[in-house]
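Below: one structure, written as structure tokens.
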């Protein structure tokens, strides 16, 4: 089959890596289509290199902009690309603007859509990602669900007949990448972190970084933790930091990291603090306590398993709650295994 794999952001590149390799081995003709939604080197080109993904066959170079402009430009360019190449299937990943644009154009051209990481729900429709994932699920013909909760969500919405419980493909990416990361990455040594306990922090959600008051509150609270915090600063976050704000002394801001270096930082961290959906999963897979600075999460299983603690960003006791958080001695396998193999089998059977 001729397949379009549409990606545009870091979490999608991570999910693409094992599937693209499997599609090539299965002798499908895959076109990797990069929308350009993430254009920063560390968050885009370097991840392709780190994960051994070949260069995109089609690069739309859309870049930044408000959501309406960005999605519209993606749709126009994707329409041209699909009309030219005439794919038999379109694969979209997750819940970004690239996901929505790809699904809309494929649906208009009556091309069957495979949605990887289908069925997630935060039930917070102020999140653009929530709208993207709901619309994409209802447009798709094949819904690859990462967890049982996702399956249940899709069944409730009348999509059960199109739903397949595959597990989460990030499990395979992590399995393939962790030993490479530990062997090749020098970031721990470069940051002089050998033998030092530290927390790893990421922030990028609009409700955490667009309001400087909210972001200052979060960082000030984390300053009270009195533990070393390594903070790779997302370009969006860095842009929003006030020039006259002094970051607490225990927080070390560093540049965005490539995927392998970031995995190495996660692996060695005492705990992970984030507002990212994908990083919540990575923390669970690596058996690291995770603090999620949000009011809700799509990955409710990680909270139910008591490996992930939700804290509202406006909470006045963030530091004390983090310090008191303890995880169980064991955890259950909630994200599956041999996920790529299951997905490839379903793709083959969709002919």
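The values are calculated or read from the model by the stated rules, or taken from the named source; none is laboratory data. Just so you know, these numbers come straight off a predicted model, no measurement behind them. Reconstructed Cβ throughout: ideal geometry from the backbone, glycine too, with neighbour counts over all protein chains shown.
Scan segment 116-137 and tell me whether some residue there is surrounded by fewer than 19 Cβ atoms within 10 Å (Cβ to Cβ) and on the phi > 0 side of the Ramachandran plot. Yes; the residues of segment 116-137 include at least one that is surrounded by fewer than 19 Cβ atoms within 10 Å (Cβ to Cβ) and on the phi > 0 side of the Ramachandran plot. Of everything listed in (1) at pLDDT below 95; (2) touching a strand residue (DSSP E or B) at 6+ places or on another chain (Cβ under 6 Å), the single unmet condition for residue 298 is (2).
If the condition is being buried (at least 17 other Cβ atoms within 10 Å of the Cβ) and within 17 Å of residue 112 (Cα to Cα), then segment 146-161 contributes only 159.
Here the helices (runs of 4 or more DSSP H) wholly within segment 241-319 that include at least 1 residues being surrounded by 23 or more Cβ atoms within 10 Å (Cβ to Cβ) and in contact (Cβ under 8 Å) with a residue 60 or more places away in the chain are 259-268, 277-285.
Rundown of residues vs (1) out of contact with any strand residue (DSSP E or B) (no Cβ under 7 Å at 6 or more places or on another chain); (2) surrounded by fewer than 20 Cβ atoms within 10 Å (Cβ to Cβ); (3) in contact (Cβ under 8 Å) with a residue 24 or more places away in the chain; (4) closer than 20 Å to residue 172 by Cβ, yes/no style:
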site	(1), (2), (3), (4)
11	yes, no, yes, yes
18	yes, no, yes, yes
21	yes, yes, yes, yes
25	yes, yes, no, yes
32	no, no, yes, yes
61	yes, yes, yes, no
68	yes, yes, no, no
80	yes, yes, no, no
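Among the residues of segment 96-110, the one identified as surrounded by 19 or more Cβ atoms within 10 Å (Cβ to Cβ) and not in a helix (DSSP H, G or I) is 96. With respect to the conditions (1) part of a loop (DSSP other than H, G, I, E, B); (2) within 20 Å of residue 174 (Cβ to Cβ), residue 342 falls short on a single one, namely (1).
Screening the candidates 143, 222 for the property of being surrounded by 14 or more Cβ atoms within 10 Å (Cβ to Cβ), at negative phi and in the same structural domain as residue 18 (by TED's automatic domain parsing) yields one hit, 143.
What do you reckon, is residue 97 over 15 Å from residue 5 (Cβ atoms) and touching a residue at least 60 places away in the same chain (Cβ under 8 Å)?
In short, yes.
When segment 172-195 is limited to residues that are in a loop (DSSP other than H, G, I, E, B) and in contact with a helix residue (DSSP H, G or I) (Cβ under 9 Å, 6 or more places away or on another chain), the one that is surrounded by the most Cβ atoms within 10 Å (Cβ to Cβ) turns out to be 185. Just to be sure, is residue 329 surrounded by fewer than 16 Cβ atoms within 10 Å (Cβ to Cβ), out of contact with any strand residue (DSSP E or B) (no Cβ under 9 Å at 6 or more places or on another chain), in contact (Cβ under 8 Å) with a residue 12 or more places away in the chain and more than 26 Å from residue 143 (Cβ to Cβ)? Criteria not met by residue 329.
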